[in-house]
1. Convex hull volume of the Cα atoms in the range 12-98, per residue, in Å³?
2. Taking 0.36 nm per residue of sequence separation and subtracting the Cα-Cα distance, how much length would be gained by fully extending the chain between Gln59 and Leu117, in nm to one decimal?
3. What is the sum of charges around Ser119, taking Lys and Arg as +1, Asp and Glu as -1, for the other residues whose C-beta is under 10 Å from the C-beta of Ser119?
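FYI, it's all coordinate maths here, none of it is from the lab. Since the structure is predicted, the reported quantities are computational estimates derived from the model, not experimental observations. Cβ sites come from the backbone with ideal geometry, for glycine too, and all protein chains shown count toward neighbours.
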Amino acid sequence: ERTKMERKPYSAGAVKFSFWFMEFRKTVQLLSEGKSFADIKKLNEEINIYGAPTKLRAQQIYSTVTARIKTLDESFYLIFLSSDLATQKLFVLTAALLHDTLFFDFVYEVVREKMILGSDELTDADIRIFFTGFPDIGCDHLGVGMCCIYHKMCSVFFQEGFYFVFIQTAAVYL
């Protein structure tokens, strides 16, 4: 039985979070070893399992990573852990897409079009154009912070090499 993606309201705050691949993998590993989300939360509070620079950042990582993991069925744990790096990155990407509506829409509207056109380049203008359309699609409530969101998305996509990894990984499966 297929489930639909839950369409949450856009969240400007979600853009500040990284993909946290290593933290995602560590959490899935702990879950596959029988730890519960509560156990992992407690471990993170006690020994900072993600190596975060502050207690607040450790909590943010835990909250975001576990929320993303919860968007997938727990049957993916063993498949994830036995998969190669490219496949694991697709799982992390899928969980991020399911968890963050703004990110999903960006990938659907911008990255999808680039892939259809056979382009492996994402430019600053592509991101800017995406955000220009927000007033037209009923996102006026985000207007004040769009500049900050735009700059953060550019930072995440370009500095973390997201787009390159996404295109290279997706090309293997398409």
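1. Taking the convex hull of the Cα positions in the range 12-98, it is 92 Å³ per residue.
2. 16.9 nm
3. Charge balance in the 10 Å sphere: -3.
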